Amino acid sequence: MQRYFFFVTLHTERLTSPLPIMKREIVCSGIRPTGNLHLGNYFGALRNFVKMQDEHECFFFVADYHSLTTHPTPDNLYNNARQILVQYLAAGLDPEKSTIYLQSDLPETVELYLFLNMNAYLGELERVTSFKDKVRQQPGNVNAGLLTYPTLMAADILIHKATRVPVGKDQEQHLEMTRTFAQRFNSMYHTELFPLPQAYNYGHDLVKIPGLNGSGKMGKSEGEGNAIFLNDDPSVIRKKIMKAKTDSGPVEPGQAKPVEIENLFALMRAVSSADAVRYFEEQYDSCQIRYGDMKKQLAEDMIRFTEPFRARIAELGADEVSLRRIMDHGKERAHESARHTLDEVRHVIGYRQ
Ligand code: TYM
């Protein structure tokens, strides 16, 4: 990570290399710019992005078309997208190894989205869990973009013919839909143009990082204090963790943990040492646990874990020239890949070339 910062500040003139060759799989993923990144985004997605860029041909973008479903203001749109880019870089994404771009810099995606929408059906789109959640959360803004969210996501992935998509557990159904749309297109036009991409997490189950308020998932819109952001100040982290929901403690040895306690242990497993986790597990099993001590340990471990991000986010965020250069470079490379796919798609559909 340190090495990367050096590159961004001193070697932006090297951003001229062609697409990396001899990499095994095509990887693609993105994150919506709806706020700062939290530990759920990191462990579910970003951590794998960083690892995969050394092994595969990777396309990572900021999903700023998708963010329009919640109507950001023009003032916010670019700054939010830029902030996610900064956080990608701060986590270790390297524009020499990966193609890093803004989704809105690749309008080819929208043309593919239109083609895929012609074979996406109301019934299947209405059954998508994330759509049903949004209908409940924002009944006054059930727009067509929300309904067709999975076809835009499929277009993001298929435009590069990606086969692996590093995402958290909550995106699994969207990946299933992507395979459905790809398969449908292939059989409709008697082609094998699109591969069938898989959600990916290094041979393990997809990750779901829980929130601090006893809710299932850490998320940007799950309520105040639910998420720890990569750039939270230490004092904020301490406050959020000390406020996390607990219960009155176990009364029988080996008692099953209620959800909010299991959540704290899950967070601890993500950022603390195995020894610390074992110690508090034993304390819980023998009914001696003091949640205050456990939270203090967790807070200090979170602060230590997020420390390098905070420093780099501040430094990288101040360098507009390098950021613009990285965006331009990513746009060019993404365009090269997308243009190729779109030419094939148009040909298969029957348009004039
Ligand atoms: P978004 O922006 O909601 O989340 C970005 C990534 O973070 C993961 N994530 C989590 N993983 C584990 N635990 C959590 N609590 C948690 N919260 C979020 C998400 O699974 C995701 O991987 N639709 C996508 C963005 C997108 C996309 C794509 C992704 C648009 N096009 C194409 C992959 C490929 C979304 O809204 O993610």
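The values are calculated or read from the model by the stated rules, or taken from the named source; none is laboratory data. Computed from a prediction, not measured in an experiment: that's the story for all the values here. Because the Cβ atoms are built from the backbone with ideal geometry, glycine has one as well, and the counts that use them run over all protein chains shown. Keep in mind that these areas ignore ligands, DNA and RNA; they rest on the heavy atoms of the full protein, side chains included. Shrake-Rupley method; radii C 1.70, N 1.55, O 1.52, S 1.80 Å.
How much FRET efficiency would the formula 1/(1 + (r/R0)^6) give for M188 and K257, where r is the Cβ-Cβ distance and R0 is 41 Å, rounded to 0.05?
Working: r = 49 Å, r/R0 = 1.20.
That pair, M188 with K257, gives E of 0.25.
Restricting to Cα atoms and excluding each atom paired with itself, what does the Kirkwood estimate give for the stretch 92-244 in Å? Each step should come with its number before you reach the end.
Details: mean 1/r = 0.0562 Å⁻¹.
Radius from the Kirkwood sum: 17.8 Å.
I'd like to check one number: the per residue accessible area of the stretch 313-353, probe 1.4 Å, reported in Å² as a whole number. Don't jump to the answer; show the numbers that get you there.
Numbers: 2390 Å² over 41 residues.
On a per-residue basis, the stretch 313-353 sits at 58 Å².
Given points 7 Å out from each Cα along the Cα-Cβ axis, report the H204 to T70 separation in nanometres with one decimal.
It is 2.7 nm.
Multiply the residue separation of V348 and R24 by 0.36 nm, subtract the distance between their alpha-carbon atoms, and state the gained length in nm to one decimal. List each step's numbers first, then the result.
Numbers: separation 324, 0.36 × 324 = 116.64 nm, distance 2.60 nm.
The span from V348 to R24 would gain 114.0 nm if fully extended.
Using helices alone, what [θ] at 222 nm do you get for the chain, with -39,500 (n - 2.57) per DSSP H run of 4 or more residues, divided over all residues and rounded to the nearest 500?
-16000 deg cm²/dmol
Give me the lysines in straight-line cross-link reach of K295: C-alpha distance below 18 Å, same-chain residues under 8 apart excluded.
The qualifying lysines are K239, K240, K243, K245, K257.
What's the angle, to the nearest 10 degrees (0 to 90), between helix 274-285's Cα axis and the longest principal axis of the chain?
Roughly 60 degrees, rounded to the nearest 10.
Nearest 10 degrees is fine. How inclined is helix 320-349 to the longest principal axis of the chain, computing both from alpha carbons?
Its long axis makes an angle of about 50 degrees.
Among the aspartates and glutamates, which fall within straight-line cross-link reach of K51, defined as a Cα-Cα distance under 16 Å, with same-chain neighbours fewer than 8 residues apart omitted?
Filter leaves E25, D94, E96.
Calculate the tail of P(r) for the stretch 283-353: the fraction of all Cα-Cα distances greater than 16 Å, expressed in %.
Numbers: 1826 of 2485 pairs.
Counting pairs separated by more than 16 Å, the tail of P(r) holds 73 percent.
Exactly which trypsin sites (Lys or Arg not before Pro) in the stretch 251-328 are in a DSSP loop and have at most 11 other Cβ atoms within 10 Å?
Counting only loop positions with at most 11 other Cβ atoms within 10 Å, the trypsin sites (Lys or Arg not before Pro) in the stretch 251-328 are R290.
Rounded to the nearest 5, what is the percent of antiparallel bridges among the DSSP beta bridges in the chain?
Counting only bridges with both partners in the chain, antiparallel ones make up about 5 percent.
State, to one decimal in nm, how far the label point of Q138 lies from the label point of Y121, with both points 7 Å from Cα in the Cβ direction.
The answer from the label model is 2.8 nm.
Compute, for the chain, the length of the dipole vector about the Cα centre, with Cβ point charges of +1 (Lys, Arg) and -1 (Asp, Glu) only. Units Debye, rounded to 20.
With only Lys, Arg, Asp and Glu charged at Cβ, the dipole is about 200 debye.
Which of the aspartates and glutamates could a cross-linker bridge to K132, judged by Cα under 12 Å and excluding same-chain residues fewer than eight apart?
E124
Suppose we take every Cα in the chain and form the convex hull; what volume per residue is that in Å³?
Enclosed volume per residue, from the Cα hull, is 155 Å³.
Quick one: with all protein chains in place, what share of the accessible area of the stretch 220-315 is carbon or sulfur, to the nearest percent (1.4 Å probe)?
Carbon and sulfur: 50 percent of the exposed surface of the stretch 220-315.
Sticking with the crude label model, points 7 Å out along Cα→Cβ, report the distance from D233 to S130 in nm, one decimal please.
3.3 nm
With just the Cα atoms defining each centre, how far is the stretch 183-205 from the stretch 246-268? Give it in Å.
One Cα centre to the other: 40 Å.
Would you please give the FRET efficiency between T180 and L77, computed as 1/(1 + (r/R0)^6) with r the Cβ-Cβ distance and R0 = 35 Å, to the nearest 0.05?
0.70
Give the dimensionless ratio obtained when the Cα radius of gyration of the stretch 220-315 is divided by 2.2 N^0.38 Å.
Ratio of Cα Rg to 2.2 N^0.38 Å: 1.13.
Taking 0.36 nm per residue of sequence separation and subtracting the Cα-Cα distance, how much length would be gained by fully extending the chain between H340 and Q283, in nm to one decimal?
14.7 nm is the gain from fully extending H340 to Q283.
Out of the stretch 139-192, which GluC sites (Glu not before Pro) are coil in DSSP terms and have no more than 13 other C-beta atoms within 10 Å?
E192
Just to confirm the number: angle between the C-alpha axis of helix 291-317 and the first principal axis of the chain, 0 to 90 degrees, nearest 10?
40 degrees
For the peptides 95-107, 124-136, what is the packing order when you average, over each peptide's residues, the other Cβ atoms within 10 Å and list the highest mean first?
Taking the mean over residues of other Cβ atoms within 10 Å, the ranking is 95-107, 124-136.
What is the gain in length, in nm to one decimal, between E55 and V110 on full extension, counting 0.36 nm per residue of separation less the C-alpha to C-alpha distance?
16.9 nm
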